[in-house]
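Visitor: The structure is given below, and queries will be raised subsequently.
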Amino acid sequence: MNCSSRLLCVLYIATSAGLAWTSILEFRFGPLWAACLFAAAGLVPVIAVVRETVIGEQRRILLDLIARASRGGGDAADAIVQAELDSACCERWWTSLGTEHEVTCRHWMPRSSSAA
C-alpha cells in the first residue's frame, strides 16, 4: 500500500468514526430513522478501506509478476498467463467451463448416490 492509499484509509476511518458518533448522538437525542441512516452511512467508509487494501494487494502481486518476468527474461504478460495456468485445476475443468473435474484433481468431490 502506498502513501496515498494509507492517507485515504486514515480519512475513511476518521469519517466512519465521525458517522458512528453522529449515529450515537442521533439515537440518544434525535429521531431513530436518522440514527439508522448515519449507522448505514458509517459502513460505507469501511467498505472503501477494504477496497483500498484489495487494490494494494493486487498492485503488489502485479509488481511481483513483472519483477519475476524481468528476471526470467520474459514478458509480464507471459508471467501472468503462466501464473493463471499454474493455478488451473485440470484438463476436464478447462474443457467443461469449470463444471466438472477429473478424478485425480485436488478439487474433485465424489457425487453422492443418495440423491438418486
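Derivation of every value follows stated rules applied to the coordinates shown; laboratory data play no part. If you're wondering where the values come from, they're calculated on a predicted model, not measured in any experiment.
Visitor: When the Cα atoms of region 1-96 are enclosed in a convex hull and the volume is divided per residue, what value in Å³ results? Before the final figure, lay out the partial values.
Guide: Numbers: hull volume 12.1 nm³, N = 96.
In region 1-96, the Cα convex hull volume per residue is 126 Å³.
Visitor: Under the 0.36 nm per residue contour assumption, what length would be gained going from the current alpha-carbon distance of Leu11 and Val54 to full extension? The partial results should precede the final answer.
Guide: Details: separation 43, 0.36 × 43 = 15.48 nm, distance 1.70 nm.
Taking Leu11 through Val54 to full extension adds about 13.8 nm, to one decimal.
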